[in-house]
Amino acid sequence: MPATASSADIQTLPSPALRRFSWGVLGYFIAVILWGTLVRATSSGAGCGNHWPLCNGTVLQHSASVETLIEFTHRLTSAISFFLVVGLLVWTFRGTVRGHLARAAVIASVVFTLLEAMLGAFLVKLGLTAQSQSPLRPAYLALHLTNTLLLLAALTLTAHLLSRRHGYLRGGVSLVAPFGALAAILVVMIVGVTGSLAALGDTLFPASSLGMALAQDFSAGSGWLVRWRWTHPTVAFLSSIFLIWILVRAAQRSAHWDNRGLSALILLLLAAQYVLGVMDVVLLAPLWLQVAHLLGADILWAALVVLTARVTLQPRDAA
């Protein structure tokens, strides 16, 4: 945030409680996403059968299996996330002035949350869970992951805009270098989608050794989901070019924010993701490493969204 704000700005700023709540909602959504990874990695997606939103046709589960408990917990936490984002919507509209950009961001958050629920329901009703090798599953998973990233981006923008002291009203910002920033965001989203497909391949076709995993990658008898696992590290490496562009741009556009700390954090997170990615391959993707890798990716994504917003949505007096 900038160091100072005018008295007129202070009178229209959201309350500190609303700002803290918005970041808390973002953190909760990331936790729900991590639990969803547990559902996929443990093949618990069919723990509630093909029933949705009920679990095995009932609300309360008696003598439930581990898979059922994991899936049922995911559904409960997902339901809570909907009420949290609706609460954030109401509080944002009541706690901000007309024209506040956070209002548009929180509306997008609600829309993407509803889409997330619909996509999750389709996965269950179509049986694209557990050990399903349906050709529809990768496509639905890619669509699901894309919506998840857009949801996290909308929540991050909501929290960031609520935390701004300048440049938060329509007409009070200038759009700077939007196409380059959009390209960087799209490339990182592709990295996320290819990562989700690689993780699905690890789940459906596990290997007992690193040599076996490499043999699967280049075997003509392997399914395309396994033979395309190389695309994730390749795209991840190429995306670093766009990230460097964003970081350089951020250093040049620091008239209103000091982006050095955030840029350093992104570089640190990026390096950690490469280390975790190599460990993921060498150790054959154990569950704890998959969760750590996804957690780092989510935090990196949120930090990148904030930095992109700082670079592209410049207050008019600083643009």
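The values are calculated or read from the model by the stated rules, or taken from the named source; none is laboratory data. Only a predicted model underlies this, so the values are computations on that prediction, with no experimental measurement involved. All Cβ positions, glycine included, derive from the backbone under ideal geometry; neighbour counts span all protein chains shown.
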Specify which of the listed residues (VAL86, VAL90, VAL106) is among the β-branched types (Val, Ile, Thr), modelled with pLDDT of 95 or more and within 18 Å of the chain's Cα centre (by Cα). VAL106
Can you tell me which residue in segment 263-319 is nearest to ILE30 (Cα to Cα), limited to those that are in contact with a helix residue (DSSP H, G or I) (Cβ under 6 Å, 6 or more places away or on another chain) and of a type in the set (Ser, Thr, Tyr)? THR308
For the condition assigned to a helix (DSSP H, G or I), under 30 Å from ASN259 (Cβ atoms) and in contact with a His (Cβ under 8 Å, 6 or more places away or on another chain), what is the one hit in VAL191, VAL124? VAL191
Here is a list: PHE29, PHE72. Which entry is surrounded by 15 or more Cβ atoms within 10 Å (Cβ to Cβ), at pLDDT below 95, assigned by TED's automatic domain parsing to the domain that holds GLY120 and among the aromatic types (Phe, Trp, Tyr)? PHE72
Show the residue pairs that are 6+ apart or on different chains and have beta-carbon atoms under 6 Å apart, the first residue being within segment 280-307 and within 18 Å of ILE246 (Cβ to Cβ), the second being aromatic (Phe, Trp, Tyr). none
Quick one: in segment 143-184, of everything that is outside any helix (DSSP H, G or I) and of a type in the set (Gly, Ala, Ser), which residue is farthest from LEU84 (Cα to Cα)? ALA177
